[in-house]
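*Asks:* Mind having a look at this structure? Questions to follow.
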Amino acid sequence: MQIACNRLDRLFAMHQTEYEKKAVEVLRSGYYIMGKETAAFEREFAAFLGGGFVIGVGCGLDAIRIALHVLGVGAGDEVVIQGNTFIAAVLAILQNGATPVFAEPDDGFSLFAGSIKKVLTEKTKAVIVTHLYGMMTPMAPIVALCRERGLLLLEDAAQAHGAADGGKKAGTFGDAGCFSFYPTKNLGGFGDGGAIFVRDPVLAQTMQTYKNYGSDHKYHYAMAGINSRLDEMQAGLLRVRLRHLDEINADKAAAADHYTANLQNPYVVKPVPAKGTDCVWHQYVIRCETRDELAAHLREKGISTDIHYPVPPHLSDACRFLGVKKGDLPLTERLAETVLSLPLYVGISREEQDEVIRAINGYRPVQ
Ligand SMILES: Cc1ncc(COP(=O)(O)O)c(C=O)c1O
């Protein structure tokens, strides 16, 4: 049996008629940018998040870039970010002329207040929390720290649509929550897309203006903005997917629970969501000291896996000029060497999962 790491075709097939109907409706409407689908999606996603404002943008990277810019983060500022994150937030900081300062996560992949405190300086302007793999970072201590120190708080919730802490959704705890709708995300589109969540209506309006050439009404440019818009087709299709997001998250959670209940291997560490949080299982990420060998063992049996992410941002070529060296973030680097994402997608069958479970449980390191 061949088992892929992801099968977006199965997710599409589950609600195929609804997507096709919406796609035709958008095509026939004659409106493809900034029309009623985008406005409706922004309202519906804001309602899903519990109120506030959503600004649709071109992708997740732009969501973070725009949020930082409009919140006033720029040259001379430092932004604290966990070492084990996807590079987008780091690039967004750099592209605003600010400096990323990396903090170590805890054992559950999450940033925490104690780690942030260690790297604060008088230049620190903001903190970005990434809810990696859909694991919800416990937010209360981080919110308290940011308030106490007067720091901006942003969330990279690109992998955590619907995750919650104390009933409050990921992306709604700080000054801005940033989302990606890259196709593999739990709320994924059919191309690129992203969004920013804010509570402040003035900030929301400024972000709407900034992302559309700085135009607050037709051919009037209030600021030197950029072009980063969520298009009508993506927004329309995302409205369909949003209606099924709870179902998608529940489906993936059931598959994750099946792995957790049945994976039994002393060389494999299973993921454990933080107490009191509701994670959304974007990925099911195990840890293994002989990760590459385990991945090869699975590959031989026809099972694909992935690594999120093999090179932490501070060791990537793009960040070399920052001068952060190998060894400076030992836990982050250990995670990059040991994490392995197992096949997890809507529509994965019990047989497929049991094949993965058998292969992992039967693995013993030879190194
Ligand atoms: C944690 C995280 N942040 C940001 C992004 C960037 O999103 P996009 O690819 O839509 O720019 C992604 C996904 O790609 C992500 O996983």
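The values are calculated or read from the model by the stated rules, or taken from the named source; none is laboratory data. All values reported here derive from a predicted model rather than from experimental measurement. Positions of Cβ are generated from backbone atoms using ideal geometry, with glycine treated the same way; all protein chains shown enter the neighbour counts. Side chains included, ligands, DNA and RNA excluded: accessible areas come from the protein's heavy atoms. Shrake-Rupley method; radii C 1.70, N 1.55, O 1.52, S 1.80 Å.
*Asks:* Suppose we filter the stretch 74-95 for residues that are away from the ligand (no atom under 15 Å from the Cβ) and surrounded by fewer than 23 Cβ atoms within 10 Å (Cβ to Cβ); how many remain?
*Replies:* Residues that pass the stated criteria total 5.
*Asks:* What pairs come up if the first residue lies in the stretch 306-335 and is under 18 Å from LEU91 (Cα atoms), the second is among the aromatic types (Phe, Trp, Tyr) and surrounded by fewer than 16 Cβ atoms within 10 Å (Cβ to Cβ), and their beta carbons are under 6 Å apart, counting only those six or more places apart or on different chains?
*Replies:* none
*Asks:* Separate question: Given (1) buried (at least 21 other Cβ atoms within 10 Å of the Cβ); (2) in the same structural domain as ALA140 (by TED's automatic domain parsing), identify the lone condition not met by HIS220.
*Replies:* In the conditions (1) buried (at least 21 other Cβ atoms within 10 Å of the Cβ); (2) in the same structural domain as ALA140 (by TED's automatic domain parsing), HIS220 misses (1) alone.
*Asks:* Answer yes or no as to whether ARG28 is out of contact with any helix residue (DSSP H, G or I) (no Cβ under 6 Å at 6 or more places or on another chain) and over 23 Å from THR206 (Cβ atoms).
*Replies:* yes
*Asks:* Moving to a separate point now. Among the numbered conditions (1) touching a Cys at 6+ places or on another chain (Cβ under 9 Å); (2) within 16 Å of the ligand (Cβ to nearest atom); (3) open to solvent by less than 50 Å² (accessible area, probe 1.4 Å), tell me where ASP306 comes up short.
*Replies:* So ASP306 meets the others, but not (3).
*Asks:* Any chance the stretch 200-215 includes a residue that's out of contact with any helix residue (DSSP H, G or I) (no Cβ under 6 Å at 6 or more places or on another chain), among the hydrophobic types (A, V, I, L, M, F, W, C) and surrounded by fewer than 18 Cβ atoms within 10 Å (Cβ to Cβ)?
*Replies:* The answer is yes, given that some residue of the stretch 200-215 is out of contact with any helix residue (DSSP H, G or I) (no Cβ under 6 Å at 6 or more places or on another chain), among the hydrophobic types (A, V, I, L, M, F, W, C) and surrounded by fewer than 18 Cβ atoms within 10 Å (Cβ to Cβ).
*Asks:* For the subset of the stretch 148-172 comprising residues that are crowded, with 24+ Cβ neighbours inside 10 Å and hydrophobic (A, V, I, L, M, F, W, C), which member is farthest from VAL280 (Cα to Cα)?
*Replies:* Selected residue: LEU154.
*Asks:* Turning to a different aspect of this structure: Looking at the structure I just gave you, is ARG65 in the same structural domain as THR85 (by TED's automatic domain parsing), of a type outside the set (A, V, I, L, M) and surrounded by 21 or more Cβ atoms within 10 Å (Cβ to Cβ)?
*Replies:* Judged against the criteria, ARG65 is a match.
*Asks:* Could you grab me the full set of residues in the stretch 63-93 that are under 27 Å from GLY108 (Cα atoms) and assigned to a helix (DSSP H, G or I)?
*Replies:* ALA63, ILE64, ARG65, ALA67, LEU68, ILE87, ALA88, ALA89, VAL90, LEU91, ALA92, ILE93
*Asks:* Is it the case, given these coordinates, that PHE197 is within 12 Å of the chain's Cα centre (by Cα), open to solvent by less than 10 Å² (accessible area, probe 1.4 Å) and modelled with pLDDT of 95 or more?
*Replies:* Judged against the criteria, PHE197 is not a match.
*Asks:* Out of VAL127, VAL143, which single residue is of a type outside the set (Gly, Ala, Ser), surrounded by fewer than 20 Cβ atoms within 10 Å (Cβ to Cβ) and over 18 Å from SER180 (Cβ atoms)?
*Replies:* VAL143
*Asks:* Here is a further query. Considering ASN262, ASN227, which residue is open to solvent by 40 Å² or more (accessible area, probe 1.4 Å) and over 30 Å from ASN212 (Cα atoms)?
*Replies:* ASN262
*Asks:* Scan the stretch 177-198 for residues that are more than 16 Å from LEU230 (Cα to Cα) and away from the ligand (no atom under 13 Å from the Cβ) and report the count.
*Replies:* Here the count works out to 1.
*Asks:* Tell me yes or no: at least one residue of the stretch 42-54 is over 23 Å from ALA235 (Cβ atoms), in a helix (DSSP H, G or I), open to solvent by 10 Å² or more (accessible area, probe 1.4 Å) and in contact (Cβ under 8 Å) with a residue 40 or more places away in the chain.
*Replies:* Looking through the stretch 42-54, none of the residues is over 23 Å from ALA235 (Cβ atoms), in a helix (DSSP H, G or I), open to solvent by 10 Å² or more (accessible area, probe 1.4 Å) and in contact (Cβ under 8 Å) with a residue 40 or more places away in the chain.
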